[in-house]
Amino acid sequence: MTATTSIPVVDRIATSRGHRFAALAVLMLPVLLISVDNTVLSFALPSIARSLHPDATTQLWMVDAYPLVLAGLLVVMGSIGDRIGRRRILVIGATGFALLSAAAAFATDAWMLVAARLVMGVFGAMLMPATLSIIRNVFPDAGERRLALAVWSTMFAAGNALGPLVGGVLLAHFHWGSVFLVAVPILVVMLVAVPFCVPESRDPMPGPVDVPSMLLSLGTLAPTVWAIKSLMHPEERGLAIAMIGLGVVCGIAFVRRQLRSRTPMLDLRLFRNTAFTGSVLMNMAAMFSLTGFLFFVAQHLQLVAGLDPFASGVVLIPGSVLTIVAGLVVVPVVARVAPRWVVAVALLFSAAAYALVALLGHHASVAALAFAFVLLGIGIGASETVTNDLIIATAPADKAGAASAVSETAYEIGAVLGTAVLGTILATAYRTHVTVPDGLTSTAHTAAQETLGGAVAAAADLGGGAGQALLESARAAFDSGVTTTAGVAAALMVVAAGGALVMLRRR
């Protein structure tokens, strides 16, 4: 997405209010799908672990490979869509995403699944910027456009919250691959409807495609996230530090290139506005909170509490519903209360959810976790709606495209860091506390030492008193790790709330 003003191609598709909202309904299909895909895998992880036997790092990559690539390519794909047509890149992205979803569903080993998720991120990056760009062109009236953007934000938050429920329903009746196959019929419906409902538009004066900036953005994100995952492994610590250095160098080069370019791929001057920067950071914090929470609660409900995937999804229904409700209810509230207070209180709800889990520790019941997710859902729904509105409102009108790309990128970076940071803390604590008995093969011993899913599978193979002892040790070690992780996350959310009060002071 460039900083130039785009002139949409206007045709009969979007000439009436009914046609405009029909286009919005079609565009919500990929939005829901992409956001559900951010969190649905958390509930499938135990089943995937039993089937593919990944180690802890590979398991984290299964979750993070997709949002990592998605975050790195959002601005690039938005810029390409401005050139070749936003509807066209939407169709290309939907087709590729459907094909790769099918490939992921039938993966036969862990790294095949990681590879499929990586390429899914490429096509997913084509979908998200296109939806927002088309909305801005379809809705020329400011009032209608605000409503459409509110629906977009709410649907994105709802998809993230509904991911566990969708995963639970599918896993209760089908193979784990069904969490990927569900994308295919949704995208087929979208591909059929797009030619009839969605108009084409493009930027009449685009800047050049900036391949070096694209490579530098990926060079910043990928090594840094890999390093976060690997720092806790002594044998990989040296390489991890080197990767952080590489990420910093690429990041500095990316910033320098954008500031010097007359048509930057991402206009970093937007960040001179403190309210804009604060909104982006709070957006990222909300996604960090959501994905980190779902990463461990999905495993606890299934592998510690012993619930099946469907029952686990049902436990989180109240929180999912209140995420949607909070995102809509906060709109009239923020008209009367300063946004910084609304966002700060919302983030404190997320902090309270993590604090509850940390305080209860091993004694956290299913009902307590459901209530914690209710608190988290209220915080996520309210904060994301307000921060998205602030991101668009605080950016100059001719920078709306770049601003929306930054908003989407913040979502995905937050999702990556949520599982990378909190997942790494959890995995480290688990490895420190678990006791694995003799009598296992080397492969089973390593799996049990690395993840709770591996320990559950190894305990079933071992059987008897030794198997039961391994199971109890693994569950206790996992919950001990959850307590530490939740405490860290609660502190981070409190810091984020304080940051909202300071940074969002001036709109």
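Worth pointing out:
- Those residues of segment 256-277 which are of a type outside the set (Ser, Thr, Tyr), in a helix (DSSP H, G or I) and modelled with pLDDT under 90, in sequence order: Gln258, Leu259, Arg260, Leu268, Arg269, Leu270, Phe271, Arg272, Ala275, Phe276
- Looking only at residues of segment 181-228 that are touching an Asp or Glu at 6+ places or on another chain (Cβ under 8 Å) and over 22 Å from Val255 (Cα atoms), we find that the one that is modelled with the lowest pLDDT is Asp203.
- Residue check for Leu132: modelled with pLDDT of 80 or more and within 22 Å of the chain's Cα centre (by Cα): no
- Looking across segment 243-259, the residues that are of a type in the set (Gly, Ala, Ser) and touching a residue at least 12 places away in the same chain (Cβ under 8 Å) come down to Gly247, Gly251, Ala253.
- The residue that is surrounded by the most Cβ atoms within 10 Å (Cβ to Cβ), among those in segment 483-507 that are among the β-branched types (Val, Ile, Thr) and under 24 Å from Ala305 (Cβ atoms), is Thr485.
- Test: residue in segment 339-355 that is at pLDDT 80 or above and more than 21 Å from Ala285 (Cβ to Cβ): no
- Yes/no for Met112 being open to solvent by 10 Å² or more (accessible area, probe 1.4 Å) and of a type outside the set (D, E, K, R): yes
- Checklist (1) surrounded by fewer than 19 Cβ atoms within 10 Å (Cβ to Cβ); (2) of a type in the set (Ser, Thr, Tyr); (3) under 18 Å from Leu376 (Cα atoms) applied to Ser480, failing item: (3)
- Test: residue in segment 79-90 that is farther than 30 Å from Arg20 by Cβ, of a type in the set (Gly, Ala, Ser) and either at pLDDT 80 or above or touching a strand residue (DSSP E or B) at 6+ places or on another chain (Cβ under 7 Å) (or both): no
- Of all residues in segment 350-375, those that are over 24 Å from Ala500 (Cβ atoms) have Cβ atoms under 7 Å from Cβ atoms of residues that are open to solvent by 50 Å² or more (accessible area, probe 1.4 Å) and assigned to a helix (DSSP H, G or I), 6 or more apart or on another chain, in Ala368/Leu360; Ala370/Pro318.
- Gly361 over 20 Å from Ser480 (Cα atoms) and either not β-branched (Val, Ile, Thr) or not in a helix (DSSP H, G or I) (or both): no
- Hey, Gly167 small (Gly, Ala, Ser), part of a helix (DSSP H, G or I), over 25 Å from Asn388 (Cα atoms) and modelled with pLDDT under 85 or not: yes
- Lone qualifier among Met62, Met28 - being within 17 Å of Leu187 (Cβ to Cβ) and in contact (Cβ under 8 Å) with a residue 24 or more places away in the chain: Met28
- Hey, Phe271 closer than 30 Å to Trp341 by Cβ and open to solvent by 50 Å² or more (accessible area, probe 1.4 Å) or not: yes
- Test: residue in segment 324-347 that is in contact with a Pro (Cβ under 8 Å, 6 or more places away or on another chain), of a type outside the set (Val, Ile, Thr) and part of a helix (DSSP H, G or I): no
The values are calculated or read from the model by the stated rules, or taken from the named source; none is laboratory data. Keep in mind that this is a model prediction, so the values were computed, not measured. Heads up, the Cβs are rebuilt from the backbone with ideal geometry, glycines too, and the neighbour counts pull from every protein chain shown. Protein only, heavy atoms only, side chains kept; ligands, DNA and RNA dropped before computing areas. Shrake-Rupley method; radii C 1.70, N 1.55, O 1.52, S 1.80 Å.
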